[in-house]
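Everything on this sheet refers to the single structure shown next.
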Amino acid sequence: MTAPAAPATAPTPTPTPTPTGSVPVTDGHIVVDSVGKDYVALDGHVVHGLQPVSLSIEKGAFVSVVGRSGCGKSTFLRLVAGLEDLTTGSITIGAERVSGPPDSVRYVFQNYGESLLPWRTVGDNVRFGLRHGHGPRRAHGRTAEDQLIEQHLAEVGLHGTFSRYPGELSGGMQQRVAIARALAASPDVLLLDEPFSAVDALSRGTLQELILRIWQERGLTVLFVTHDIEEALFLSQRVIVLRPQGAGVQRDAAVDIPYPRDQVDFREDERYLALRRDVLGLVLQVEREAS
Amino acid sequence: MTELANTPPVARGTVPGPRPGADDAADLLVSLPPSDETPPVPLAVAGGPAPAVVRRSPFRRFVRSRGTGWTLVVLVVIVWQVSSFIHFEPTISSPDRIARTWWREITEGQLLPQLGRTLETMAIGFVLAIPIGITIGFLMGRSRIVWGLLEPSVEIIRLTPVSAILPIFILFLGIEQEMQVAVFLTAGLFPLIINSYAGARSVSKVLSQTAQTYRLSWWQTQREVALPSAMPYILVGARQALGISLVLAVVIGMLAGNSGIGYYILLAQQEFNINRLLAAVLTVALIGYLLNALFLLAERRISRWRRTSIGEG
Ligand SMILES: Nc1ncnc2c1ncn2[C@@H]1O[C@H](COP(=O)(O)OP(=O)(O)OP(=O)(O)O)[C@@H](O)[C@H]1O
Ligand SMILES: [Mg+2]
C-alpha cells in the first residue's frame with residue numbers, strides 16, 4: 001500500500017541503455033517473419049511445433065508469450081535462439097538474420113538446473129558466461145575477472161555462493177545462477193523459458209522484480225515464456241497468446257501500465273483487471289472449443 | 001543394508017572380478033549409433049557409504065561401519081592360528097608360518113623383485129591404455145564418422161577373450177616385457193573405450209544446447225562440456241581396466257612362464273611350498289586392495305562435485 005500509485009498518464013518507459021559506453025549496441029530489435037516449425041516425430045508423423053507467426057519486437061521491449069502446454073512456446077524461443085532450423089520464414093535480430101545461435105542472444109532454459117555445469121562452482125559457471133560472451137566485458141586478469149563474477153552474482157542476490165556447487169543450491173538459487181551466467185555474457189536479447197514455474201509464490205515475486213530491474217538497468221530486450229497469464233501481464237509491455245497445438249498467434253495485447261509496478265497495487269489496477277478478464281476469457285473460450 | 005546398496009557393483013574388492021559391470025555399457029555400444037538419446041547411467045560411481053547424519057550410539061555406528069568386516073577377518077586369522085596350535089595341518093599351514101615366510105621372501109627372497117617387475121609392466125600398459133582408450137571411446141561417442149570407422153573393429157576385438165589373443169601375442173612378440181605390455185594395453189583398452197563412449201553419449205541435450213547458445217567451438221564444447229560430463233564414466237572405465245590388469249598380472253606370468261609374480265606363484269605351487277604360495281597370494285590381494293583404494297580416493301577427488309548432485313550425502 002505504501003508504493004505510490006503510478007501516474008496514469010505516464011507513457012511506456014523507454015529503458016535506459018546499457019551504461020557501458022564502449023558496448024557496441026548490436027540492437028535487440030527482433031523481426032519474426034512468418035516463422036513456422038514442423039517436427040518429424042519418430043513414428044514419421046509431422047508435428048506442428050509452431051505455425052507461421054509474424055511479429056516485430058522493438059529493442060528494449062519486455063514481451064511475454066503465453067499459452068497452454070504444447071502450444072509452441074519453447075519452440076518459438078529455440079527458433080529465436082537459433083538452436084533449430086526454421087521450417088518457414090525468417091528471423092532477424094538487429095541487422096543480422098538468424099542462422100545459428102546469435103552472439104547477442106542468451107537463453108535461460110526451461111530446465112535451468114540441467115543447463116548449469118554441475119562440475120563447476122557457481123562462480124565458474126558465471127565465468128563460463130563471461131568467457132563465452134561477447135567481448136567488451138571480458139576482464140583482464142584473474143582477480144579482476146573474479147570481482148566481475150562477484151558483481152554478477154550480487155546482481156541476482158547470490159552473495160557468497162562463489163565456491164559452492166550448483167547441486168548444493170535450491171532450485172530458485174540455481175535459476176539465479178543461470179540468469180547471472182546469461183547476463184555475464186552481456187546479451188542484447190534475453191530469452192527466459194518459464195523461469196519461475198518451479199519456484200514458490202514468495203520467491204517468485206522477488207525474482208519477477210529482479211528480472212524487471214535487470215531489464216530496465218540494462219536495456220535488454222526480454223522474451224519471457226510463461227503459462228501464467230497474470231505473471232505475463234505483471235511483467236510485460238506486451239503479451240502474446242499462442243493458440244493450442246502450435247496454431248500460431250491468437251492475441252497480441254499491449255499492457256499500457258507504467259513501471260514501476262507494485263505487486264499488490266498492480267493486481268488491483270482496473271486496466272490490469274480488464275486485460276486479465278479479456279485474455280483469460282479468450283483462452284478459456286478456445287479451451288472450451290477444443291474440448 | 002543401505003551401505004551395501006551404496007557400495008558400487010564395480011571391481012571394488014581386492015579380488016578383481018572378470019570385467020564386472022562392463023556389459024551394461026557394452027550393450028550400448030552394440031546397439032546404439034550416436035543419437036540424441038541419453039543412455040541410462042550404466043554404473044554406480046564413487047564409493048563409500050554416505051556419512052551418517054544422525055547421531056548414533058557407538059555400537060550402532062560400529063555395526064553400520066566396515067569395522068565388523070575387519071573384525072571378521074581378524075577373527076578368522078585367530079581361529080586359524082589357534083587351531084594350528086591344537087592340530088597342525090601342513091596343507092593349510094598357519095598364519096605365523098606364512099607371515100615368517102612372507103617376511104623372509106620380502107626381505108631376501110624373490111617376491112619383491114618379481115612383483116616389482118609385474119607391476120612395472122602393468123603400469124606401462126595401463127598408462128598407455130588410458131589416453132588411447134579415452135580418446136578412442138570419447139571420439140566414437142562424439143563423432144559419427146569416428147564411430148562408423150571404429151565401431152566394427154572395436155566390437156570384434158572387444159568380444160575376443162584376451163586368453164585367445166595371448167598366443168598370438170606370444171608368437172609375434174615373444175614372452176618378454178614387450179608382449180606383456182601389449183597384453184595389458186589390449187585388455188585395459190576396452191573397458192576404457194566402452195565407458196568413455198557411454199560417457200560421451202551421456203551429455204544431456206540441455207548441456208549441448210547450452211554450449212551452442214554460448215557459441216562454443218567444437219573443440220571448446222568437447223573440452224569444457226562433454227569431457228567433464230563423461231568423466232564419471234571414464235573413471236569407472238579406468239577402474240575396470242585396473243581390475244582386469246590385476247587378473248592378467250598373475251595369469252600372464254603363469255602362461256609366459258618366465259618371470260613375474262604369476263611365475264613365482266606357479267613355482268611355489270610346483271614345489272609344494274604352501275607358505276610361499278600363500279604369502280604370494282596374500283601379497284597380490286593386498287596390492288589389489290591398495291591400488292583400488294588409491295583409485296577410489298583419486299576418483300572422489302576428481303568428481304567431488306558429484307556428491308552434490310547424486311543421492312548421496
Ligand atoms: N524435438 C521435437 N520433436 C518432435 N516434436 C516436438 C519436438 N519438440 C517439440 N515438439 C512438439 O512441438 C509442440 C510444441 O512444443 P513446445 O515444447 O514448444 O511446447 P511448449 O509450449 O513449450 O509447452 P510447455 O508449456 O509444456 O513447455 C508439441 O506438440 C511438441 O510435441
Ligand atoms: Mg516449453
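The table below gives the values:
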read-out	value
When residues of the range A:33-74 are limited to those that are in a strand (DSSP E or B), within 15 Å of ligand 1 (Cβ to nearest atom) and hydrophobic (A, V, I, L, M, F, W, C), the one nearest to A:Leu280 (Cα to Cα)	A:Val66
Count of residues meeting criterion [closer than 19 Å to A:Leu223 by Cβ and basic (Lys, Arg)] in the range A:87-121	2
Looking only at the range A:99-110, and only at residues there that are more than 16 Å from ligand 2 (Cβ to nearest atom) and within 12 Å of chain B (Cβ to nearest Cβ), the one that is surrounded by the fewest Cβ atoms within 10 Å (Cβ to Cβ)	A:Gly100
Candidates B:Gln212, B:Gln222, B:Gln240, filtered to the one that is within 10 Å of chain A (Cβ to nearest Cβ) and either surrounded by fewer than 21 Cβ atoms within 10 Å (Cβ to Cβ) or touching a residue at least 60 places away in the same chain (Cβ under 8 Å) (or both)	B:Gln212
Helices (runs of 4 or more DSSP H) (entirely within the range A:162-277) containing at least 1 residues that are free of Cβ contacts under 8 Å to residues at least 60 places away in the same chain and within 14 Å of chain B (Cβ to nearest Cβ)	A:171-184
Residue ID - modelled with the highest pLDDT, chosen from residues in the range A:17-38 that are farther than 30 Å from A:Gln245 by Cβ and out of contact with any helix residue (DSSP H, G or I) (no Cβ under 9 Å at 6 or more places or on another chain)	A:Asp27
Residues of the range A:174-226 that turn out to be at pLDDT 90 or above, more than 16 Å from ligand 2 (Cβ to nearest atom) and among the acidic types (Asp, Glu), as a count	3
Subset of the range A:103-154 (residues that are more than 16 Å from ligand 1 (Cβ to nearest atom), aliphatic (A, V, I, L, M) and not in a helix (DSSP H, G or I))	A:Val105, A:Leu116, A:Leu117, A:Ala139
Single unsatisfied condition, A:Leu79 versus (1) within 16 Å of the chain's Cα centre (by Cα); (2) more than 14 Å from every other protein chain (Cβ to nearest Cβ); (3) without any contact (Cβ under 8 Å) to a residue 60 or more places away in the chain	(2)
Among (1) away from chain B (no Cβ under 13 Å); (2) at pLDDT 90 or above; (3) buried (at least 17 other Cβ atoms within 10 Å of the Cβ) - the single one A:His132 does not satisfy	(1)
Single condition A:Pro118 does not satisfy, out of (1) out of contact with any Phe, Trp or Tyr (no Cβ under 7 Å at 6 or more places or on another chain); (2) away from ligand 2 (no atom under 16 Å from the Cβ); (3) in contact (Cβ under 8 Å) with a residue 40 or more places away in the chain; (4) under 16 Å from B:Val225 (Cα atoms)	(1)
Residue within the range B:299-312 that is more than 14 Å from chain A (Cβ to nearest Cβ) and aliphatic (A, V, I, L, M) present	no
Given (1) more than 15 Å from ligand 2 (Cβ to nearest atom); (2) surrounded by 20 or more Cβ atoms within 10 Å (Cβ to Cβ); (3) not in a strand (DSSP E or B), index of the condition A:Ile91 fails	(3)
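The values are calculated or read from the model by the stated rules, or taken from the named source; none is laboratory data. Small disclaimer: the values here were computed from a predicted structure and weren't measured. Glycine also receives a Cβ, built like all others from the backbone with ideal geometry; neighbour counts cover every protein chain displayed.
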